[in-house]
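Q: Input: one structure, supplied below.
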Amino acid sequence: MDIVCSAQELKLFEQVSAAATKMNVRSYIVGGFVRDKILGRLTKDVDIVCTGDGIELAQAVAAGLPHRPQVNFFKNFGTAQFRLDGFDVEFVGARKESYTSESRKPQVEPGTIEDDQLRRDFTINALAVSLNRDDFGKLIDPFNGIADLEKKIIRTPLGPDITFSDDPLRMMRAVRFATQLRFTIVEDVFEAIGRNKERIKIVSQERITDELNKIMAAKKPSVGLDLLFRSGLLKEFFSQVVALAGVEIIEGKGHKDNFYHTLQVVDNTAAKSDDLWLRWAALLHDIAKPATKRYEEGHGWTFHGHEVVGERMVPKIFRQLKLPQNEKMKYVAKLVLLHLRPISLTKEDITDSAIRRLLFDAGEDIDDLMLLCESDITSKNRLKVKRYIENFELVKQRMIEVEESDKMRNWQPPITGDEIMRIFNLMPSREVGVLKTAVREAILDGIIPNNYDAAYELLIQKAKELNLEPVQHG
């Protein structure tokens, strides 16, 4: 075989070959599996194309395997799939495709392996390996995909305008592959993305966001985000982040380019964490800077309150991009709101109270918040960065000390709202909130220790100011 396969993979391919021969159809491995094997990348997806009925071939192959995996099939698309030893194996009949301008769903008719390779998005994904008895294991490379793998370039089998106009999601995929593989999109293909960018509007937001998340999950997400920005594609579906770009100068005073600063913060975060949602918090941490940008004479540019406005923008952006409307969104919004807090503590004499409040507000996300804030230090002035990081380490040390003495992480006040209602025989009301807040604030400010007796004593005292007395429960 022209590609190196494991014994387990070879066994599967021999079974496909035998079943296809019996059915008198030709079969091939096509696409990503072949590409990744040549690149030495781990791959768990196998696409099998045959010159016949893909569903029928999948069922015949599964029937001949020891564990007879369950075949899932989709008659409308002519595809079938089963899982085998951690692999996703998909079958489809070779086909020709033709497109109309208003849809990325093609008109399909049966075709040859050559037709099938011609409809692929990029030359590096159009590689095939024969599973036929007469030339088993032979590599079929009609568009010099191997040479493009060696040159590390992304190129289309057909003219790029045809490729992208037919299926505009391929523009996102070009950027994604360039990011994941660290390949270069060749000039005419990149220019075609710019020419066809508006076509992305016919693609569902879910499909676009799926590709965007794969870019965000890459080792260096800035590569893809910059390509999306420079091609103009990003503006078509995520204008808020594009608004960060550029520098305005008044009276000789400019501000940093917040788009490229954000990309640096995303990369810094990605270097320390694989958490997709922490990376999203990095991408959105300054999202409200365009909305809050002001020029103050004699002082320069300010972005007052951008963290508060940014927190409010997060749910809307998540809805727009069809990202989850659950705890993930709340987590990102929370980190956006708090992202200035640790840095602001480096600029003042840090009180235990300020540290307590930060630990209380961040809760279990404090470590992620600290990682995000450290990633946010991107100045080109090395001395400034060194000073910031030294101050930041002091904040971290103080957090450890306060955490050890006060146990504030994921802390809840020792007296709950339910308990306040029981003690004073109250229904849910403003008074309950006032008393609960008074106890919490007194502990956070260090006025009373973090224990039940001290909290109860303060509660009774504050209740008197509201003309409330505890009710005796018999």
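The values are calculated or read from the model by the stated rules, or taken from the named source; none is laboratory data. Because the structure is a prediction, the values reported are computed rather than measured. All Cβ positions, even for glycine, are placed from backbone atoms using ideal geometry, and neighbour counts span all protein chains on display. Protein only, heavy atoms only, side chains kept; ligands, DNA and RNA dropped before computing areas. Shrake-Rupley method; radii C 1.70, N 1.55, O 1.52, S 1.80 Å.
Q: When DSSP assigns beta bridges and you keep just the ones with both residues in region 1-90, what percent turn out antiparallel, to the nearest 5?
A: Details: 10 of 13 bridges.
DSSP beta bridges in region 1-90 are roughly 75 percent antiparallel.
Q: Provide the per-residue ³J(HN,Hα) series for region 161-175, in order, calculated from phi with Karplus coefficients 6.51, -1.76, 1.60 and θ = phi - 60°, each as a whole number of Hz, with x at glycine and proline positions.
A: 5, 5, 4, 7, 5, 4, 9, x, 4, 4, 5, 5, 5, 4, 5
Q: I need the per residue convex hull volume for region 3-60, using only the alpha carbons, in cubic angstrom as a whole number. It would help to have the intermediate numbers written out before the result.
A: On the way: hull volume 4.6 nm³, N = 58.
Value for region 3-60: 79 Å³ per residue.
Q: State the extension gain, in nm to one decimal, for the chain segment bounded by residue 422 and residue 457, taking 0.36 nm per residue of separation less the distance between their alpha-carbons. Please report the intermediate quantities before stating the final value.
A: Working: separation 35, 0.36 × 35 = 12.60 nm, distance 1.58 nm.
Contour length minus Cα-Cα distance gives 11.0 nm.
Q: Filter the trypsin sites (Lys or Arg not before Pro) in region 188-239 to those in DSSP coil with at most 14 other Cβ atoms within 10 Å of their Cβ, and list the result. Kindly include the intermediate steps, with their values, before the conclusion.
A: Numbers: sites: 195, 197, 199, 201, 207, 214, 219, 230, 235; in loops: 219.
Filter output for region 188-239: 219.
Q: Separate question: Please work out how much length the chain gains when fully extended from residue 405 to residue 205, using 0.36 nm per residue of separation minus the C-alpha to C-alpha distance, in nm with one decimal. Provide the component values of the computation, followed by the final result.
A: Values: separation 200, 0.36 × 200 = 72.00 nm, distance 4.84 nm.
In short, 67.2 nm is gained.
Q: While we're looking at this one, here's another question. Would you mind checking the tilt of helix 366-375 against the longest principal axis of the Cα atoms of the chain, expressed as 0 to 90 degrees and rounded to 10?
A: Result, in degrees: 70.
Q: Same structure again: Could you list which residues have their amide H under 5 Å from that of residue 275, counting only those 5 or more apart in sequence or on another chain, with H placed in the peptide plane?
A: none
Q: Report, to the nearest whole %, how much of the accessible area of region 280-434 belongs to carbon and sulfur atoms, 1.4 Å probe, protein only.
A: Numbers: 4140 of 8150 Å².
Carbon and sulfur atoms account for 51 percent of the accessible area of region 280-434.
Q: Which value, in debye to the nearest 20, gives the size of the charge dipole of region 306-428 about its Cα centre, when Lys and Arg are +1 and Asp and Glu are -1 at the Cβ?
A: On the way: 21 positive and 21 negative charges, 150 e Å.
The dipole magnitude comes to about 720 debye.
Q: Counting GluC sites (Glu not before Pro) as exposed when in a DSSP loop with at most 16 other beta carbons within 10 Å, what is the longest stretch of the chain free of them? Mind dumping the intermediate values first?
A: Details: sites that count: 102, 248, 251, 297, 348.
Answer - 103-247.
Q: Now for a different question. Explain nothing, just compute: Karplus ³J(HN,Hα) = 6.51 cos²θ - 1.76 cosθ + 1.60, θ = phi - 60°, for every residue of region 229-239 in order, whole Hz, x for Gly and Pro.
A: Working through the residues one at a time gives 5, 5, 7, x, 5, 4, 5, 5, 10, 8, 5 Hz.
Q: If each of residue 394 and residue 344 carries a label point 7 Å out from its Cα toward its Cβ, how far apart are those two points in nm?
A: 1.8
Q: Run through region 271-358 and list the trypsin sites (Lys or Arg not before Pro) located in a DSSP loop whose Cβ has at most 10 other Cβ atoms within 10 Å.
A: Values: sites: 272, 279, 293, 294, 312, 316, 319, 322, 328, 330, 334, 347, 356, 357; in loops: 293, 322, 347.
Here the sparse-neighbourhood loop sites are 347.
Q: List, in the order given, every pair from 214/316; 214/334; 330/384 whose Cα-Cα distance in the structure shown is over 26 Å. Walk me through the numbers before you get to the answer.
A: Working: 214/316 21 Å; 214/334 23 Å; 330/384 32 Å.
Beyond 26 Å between Cα atoms: 330/384.
Q: Could you give each residue of region 446-451 its phi-based ³J(HN,Hα) in whole Hz, using Karplus coefficients 6.51, -1.76, 1.60 with θ = phi - 60°, and x for Gly or Pro?
A: Once rounded to whole Hz, the list reads x, 6, 10, x, 7, 9.
Q: Related question: Taking amide hydrogens as modeled 1.01 Å from N in the peptide plane, which residues meet the under 5 Å criterion relative to residue 127, leaving out close sequence neighbours?
A: Residues meeting the criterion, in which the H sits 1.01 Å from N, are 31.
Q: Under the classification rounded if a/c is under 1.5, otherwise prolate if a/b is larger than b/c and oblate if not, where does region 287-427 fall, given a ≥ b ≥ c as square roots of the Cα gyration tensor eigenvalues? Kindly include the intermediate steps, with their values, before the conclusion.
A: Numbers: a/c = 1.95, a/b = 1.27, b/c = 1.53.
Oblate.
Q: Under 20 Å between alpha carbons: how many lysine pairs meet that in region 1-96, if sequence neighbours fewer than 8 apart on the same chain are excluded? Don't skip to the end; give the middle numbers.
A: On the way: 11/22; 11/37; 11/44; 75/96.
Final tally of qualifying lysine pairs is 4.
Q: Still on this structure, I have one more. Give the cross-link partners of residue 138 among the aspartates and glutamates, using a straight C-alpha distance below 14 Å as the criterion and excluding same-chain residues fewer than 8 apart.
A: List returned: 2, 14.
Q: Given +1 on the Cβ of Lys and Arg, -1 on the Cβ of Asp and Glu, and no further charges, what dipole in debye does the chain carry about its Cα centre, rounded to the nearest 20? Mind showing how you got there, number by number?
A: On the way: 68 positive and 72 negative charges, 136 e Å.
Dipole about the Cα centre, nearest 20: 660 debye.
Q: Once both labels are modelled 7 Å past Cα along the beta-carbon direction, what's the residue 445-residue 65 spacing in nm?
A: 6.7
Q: Let me ask something additional. Can you classify the chain as rounded, prolate or oblate using the Cα gyration tensor, where a ≥ b ≥ c are the square roots of its eigenvalues, rounded means a/c under 1.5, and otherwise it's prolate if a/b beats b/c and oblate if not? List each step's numbers first, then the result.
A: Details: a/c = 2.74, a/b = 1.89, b/c = 1.44.
Prolate shape, in that a/c is at least 1.5 and a/b is the bigger ratio.
Q: How far is helix 452-465 tilted off the main Cα axis of the chain, in degrees rounded to 10, range 0 to 90?
A: Computed tilt is about 60 degrees.
Q: Find how much the distance from residue 39 to residue 83 grows on full extension, using 0.36 nm per residue of separation minus their present alpha carbon separation; answer in nm with one decimal. Working shown, then result.
A: Numbers: separation 44, 0.36 × 44 = 15.84 nm, distance 2.35 nm.
This chain segment gains 13.5 nm when fully extended.
Q: Return the lysines within reach of residue 436: Cα separation strictly under 21 angstrom, same-chain partners fewer than 8 residues apart disregarded; answer none if there are no such residues.
A: Hits, sequence-local ones excluded: 407, 462, 464.
Q: Where both partners of a DSSP beta bridge lie in the chain, what percent of those bridges are antiparallel, to the nearest 5?
A: Values: 26 of 34 bridges.
Expressed as a percentage, antiparallel bridges in the chain total about 75.
Q: Decide, for region 341-395, between rounded, prolate and oblate: order the square roots of the alpha carbon gyration tensor eigenvalues as a ≥ b ≥ c, take rounded if a/c falls under 1.5, and otherwise choose prolate if a/b is larger than b/c, else oblate. The partial results should precede the final answer.
A: Details: a/c = 3.10, a/b = 1.54, b/c = 2.02.
It is oblate, given that a/c is not under 1.5 and a/b is not larger than b/c.
Q: Go ahead and estimate [θ] at 222 nm for the chain from helices alone: -39,500 (n - 2.57) per DSSP H run with n ≥ 4, summed, over the residue count, rounded to 500. Don't skip to the answer; put the middle values down first.
A: Values: 24 runs with 252 residues, N = 474.
After summing the helix terms and dividing by the residues of the chain, the value is -16000 deg cm²/dmol.
Q: Could you report region 162-214's accessible area per residue, 1.4 Å probe, as an integer in Å²? Before the final figure, lay out each step's value.
A: Values: 2140 Å² over 53 residues.
Using a 1.4 Å probe on heavy atoms only, each residue of region 162-214 averages 40 Å².
Q: To the nearest 0.05, what FRET efficiency results for residue 294 and residue 115 with a Förster distance of 56 Å applied to their C-beta separation?
A: Working: r = 59 Å, r/R0 = 1.06.
Efficiency for this residue pair is about 0.40.
Q: Follow-up. Testing the spin-label approximation: label points 7 Å from Cα along Cα→Cβ at residue 249 and residue 412. State their distance in nm.
A: So the two model labels end up 5.6 nm from each other.
Q: Taking only protein heavy atoms and a 1.4 Å probe, what accessible area per residue, in Å², does region 230-388 have with all protein chains in place? Could you put the intermediate results ahead of the total?
A: Working: 7550 Å² over 159 residues.
In whole numbers, region 230-388 has 47 Å² accessible per residue.
Q: Can you tell me the orientation of helix 7-23 relative to the chain, as the angle in degrees between its alpha-carbon axis and the longest Cα principal axis, to the nearest 10?
A: 50
Q: Related question: Please list, by residue number, every one of the trypsin sites (Lys or Arg not before Pro) in region 1-102 that is coil in DSSP and has at most 15 other beta-carbon atoms within 10 Å. Could you put the intermediate results ahead of the total?
A: Values: sites: 11, 22, 26, 35, 37, 41, 44, 75, 83, 95, 96; in loops: 26, 41, 44, 75.
When the trypsin sites (Lys or Arg not before Pro) of region 1-102 are filtered for loop state and at most 15 Cβ neighbours within 10 Å, 41, 44, 75 remain.
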